[in-house]
Structures are given as C-alpha cells and as structure tokens.
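Worksheet: one structure, shown below.
Since every read-out is calculated from the coordinates, none of them should be taken as a lab result. Model, not experiment: these values are computed from the prediction. Backbone-built Cβ (ideal geometry, glycine too); neighbour counts: all protein chains shown.
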Amino acid sequence: MIKHAEKIWLTLIGLTLAGAWLAETGHAGWPLTLTVAALIGFKGMLIVDHYMEMRLANRRIRRALLIFISLVMLLVIIGYGWGDIFRQMTLLN
Amino acid sequence: MSHPDVPETIRPLADEPAHGRIPGNGGIWVGIFCIWVEFLMLFVVYFVAKAHNPEAFNSGPAKLVTLAGTSITLLLLTSGYCMVKAIEAIRRDNQKATLRWIIAAIILGLGYPIIKYFEIRWNVAHGVDGEAGIFYTVYYYLTLNHLVHVSWALLGLSWVGIRTSMGFYSSTNYRTLEAAALFWHTTDVIWLVIFPFFYILR
C-alpha cells in the first residue's frame, strides 16, 4: 500500500510531467493559462498542506500562505487576459 | 497525551496543541514571509515586463531547455519528500534514518546548481545570455535569485544534518530541523511558480 507521503510525491511528480508535456506541445491561450494557474494552485496547496503540514497547523499562517499562492494565480490570469492593465499602470509618460 | 484525530506523522511536540501549532519556530516564518513578499514583487516585475513586451515573452520559452526546468522541479520535489521522511523519522526517534533522509535531500538538492550550470552553458552557447532580450534578462534575474535562496536552504540542511549526526535532535526536540525543512519546502513552492513562467506560459 502506498503511504500518504508517497501519494503526495507521486501526484506532484505526475503534475510536473504533465506541465512539461504542455510546454513541449507549444500550446498558448486561455486553456494553457488556466491550466498553469490551476497547476500552481494545486501543487502549491499540496506542498503547504502536506509537505509543510499546515493542514492542521496555525490557521493564520496557512491562510497567509494560501493568499500568496492565490495572488500568483490571479497574476497569471490577469497577466494573460488583461495584461494591458499592467502596461497602462506602468507607463512612464 | 494522544491525539486520535491527528495523523501519527503530524504528531505535535509535548508543549504545544495538536491543532493550530506553529511548525518549526517563529523566526523561520518571518524569513519565509519575507521571501514570499520578495518573490511576489519579482513576479509583478515579470508580468509588467510581459505586458510591455508580449512578443518577447511569447517566443522566449521556445529557446529555453524544458528538460532542465523539469529536471530541477523533479529534483526539488523529491528532495522535499526526503525532508518529509526525515521529520517522520525523527518523530520515531530514529536518528540514523533521519540523517540518511537529510543527506539524500542535500544530494538531490545539489543537483539543482549542477543542472543550472549546464543549462546556462548551453544557453550562452546558443546566444541566450543576459543581453538576448528582456525575457531572458528577467529569466536570469529571477532564476539566479532563486538559486541564491536554494543555496542558503542547502546550507541550512547541511547544518541540521551535522547536528543530527551529533545527536542533537529527538522526538521531543526537533524544531530547528523542522524549520530547515520548512525553508526548503518554501524554495520548492517558489520554484513551482517560476517553472511555468519561463518554460510553459506563452
């Protein structure tokens, strides 16, 4: 029987290989952007909750970590769909 | 005191509650949140640069070696797994197994700078240096910055490895060991973000 830590490790490895396959296909667009955001979120949560054992730990620390990961996912989505917002906000003239 | 609803692998130390515990120590969390804020700012820089140079960021990943990025990810994830096993072992008071897992984590972690070295050599040989364009400037800045943090984390793992070999840690005293593992996992999560930014996203 595969133990808990091994299951998490195998899942992370599988998702990484899926990401690498995506990179090799050279796809672009919304499906890729949303998949990447989901991969970052899911893999990040697996490490935070299981590798770092935050699932049953201090709720404030866990919440702060999940906010960081959510912000990155948001950046990925906004960066693709509404990248012009970043451009407009950072024009020097 | 037993905690039937808490898995054996997440057994708390004697002086703390089963739920709501702070893994490691308070100091390491200050460091971890500083790193998150630092990299979040760098990620914003990435997206601002991308917004101003969409073509460079669309074509940039094609010139990078996906195998290198993937290998680094696999090494870091497996090294992180070794540190999970090291913590499990010290909770069973098995110091020899703890040390073996820490050494395995360090060896796998050292694969990162080695792969990075060959990746950069390959890049430079193919004209992908710091002056090859904005995408590659951001790529070098972010990935080398991450490598610096990984180097610190490896030093931390070496430190707790030495202390483990000297018998400093036990099932009732492993906060420093756990803190080093948490720092290592943090560099892992950050890399999981960097990897798709430069090797996958178009």
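Quick notes on this one:
- Cβ neighbours within 10 Å from other chains - mean over A:32-41: 3
- Extent of the stretch B:75-116 along its three principal axes (Cα atoms, max minus min coordinate, largest first): 36, 15, 7 Å.
- Length gained when the stretch A:Ala38-A:Leu10 is fully extended (0.36 nm per residue, less Cα-Cα span): 8.3 nm
- Compared with the alpha-carbon gap, the fully stretched path from B:Ile120 to B:His19 is longer by 31.9 nm at 0.36 nm per residue.
- Environment charge of B:Ile103, counting only residues whose C-beta is closer than 12 Å and scoring Lys/Arg +1, Asp/Glu -1: +3
- Magnitude of the charge dipole, the stretch B:92-202, Cβ model with Lys/Arg +1 and Asp/Glu -1, debye to 20: 360 debye
- On Cα atoms only, tilt of B:66-91 relative to the major axis of chain B in degrees: 10 degrees
- Scoring B:35-47, A:43-55 by mean Cβ neighbours within 10 Å over their residues and listing the highest first yields A:43-55, B:35-47.
- Computed about its Cα centre, the charge dipole of chain A is approximately 440 debye, with only Lys, Arg, Asp and Glu carrying charge at their Cβ.
- B:Arg21 long-range amide H proximity, modeled H, under 5 Å: A:Asn58
- Set of lysines with alpha-carbon distance to B:Lys96 below 17 Å, sequence-local pairs under 8 removed: B:Lys85
- Within chain A, helix-based [θ] at 222 nm, where runs of 4 or more DSSP H residues each add -39,500 (n - 2.57), nearest 500: -25000 deg cm²/dmol
- Cα-Cα P(r), the protein assembly as shown, percent of pairs per 10 Å interval: 6, 28, 34, 20, 9, 2, 0
- Dipole of chain A, positive direction: furthest Cα of A:Ala38, A:Gly19, A:Tyr80, with charges on the beta-carbon: A:Ala38
- Chain B, helix-only ellipticity at 222 nm - DSSP H runs n ≥ 4, -39,500 (n - 2.57), divided by all residues, nearest 500: -25500 deg cm²/dmol
- The lysines within cross-link reach of B:Lys63, meaning a Cα-to-Cα straight distance under 16 Å and a gap of 8 or more places when in the same chain, are B:Lys116.
- Length gained when the stretch B:Asn58-B:Ser158 is fully extended (0.36 nm per residue, less Cα-Cα span): 32.1 nm
- Between B:Leu67, B:Thr164, A:Leu92, the Cα set farthest toward the positive side of the dipole of the protein assembly as shown (charges on each charged residue's Cβ, about the Cα centre) is that of B:Thr164.
- Rounded D (µm²/s) - the stretch A:4-89, Kirkwood Rh over Cα pairs, Stokes-Einstein at 37 °C, 0.692 mPa s: 229 µm²/s
- Check: the protein assembly as shown dipole with +1 on Lys, Arg Cβ and -1 on Asp, Glu Cβ, in debye: 420 debye
- Using R0 = 45 Å, the C-beta based FRET efficiency linking A:Lys3 and A:Gln88 works out to 0.30.
- By the Cα gyration tensor, the stretch B:63-199 has an equivalent ellipsoid whose semi-axes, rounded to whole angstrom, run 33, 12, 12 from largest to smallest.
- B:Ile107-B:Met41 FRET efficiency (beta carbon distance; Förster radius 30 Å; 0.05 resolution): 0.40
- Under the Karplus curve 6.51 cos²θ - 1.76 cosθ + 1.60, θ = phi - 60°, whole-Hz ³J(HN,Hα) for the stretch B:34-44, x wherever Gly or Pro sits: 4, 5, 4, 5, 4, 6, 4, 5, 5, 5, 4
- Backbone N within the stretch B:99-132 under 19 Å of label point (7 Å from B:Ser165 Cα along the Cβ vector): B:99-111
- Distance (nanometres) between label positions extended 7 Å along Cα→Cβ at A:Arg55 and B:Tyr141: 3.9 nm
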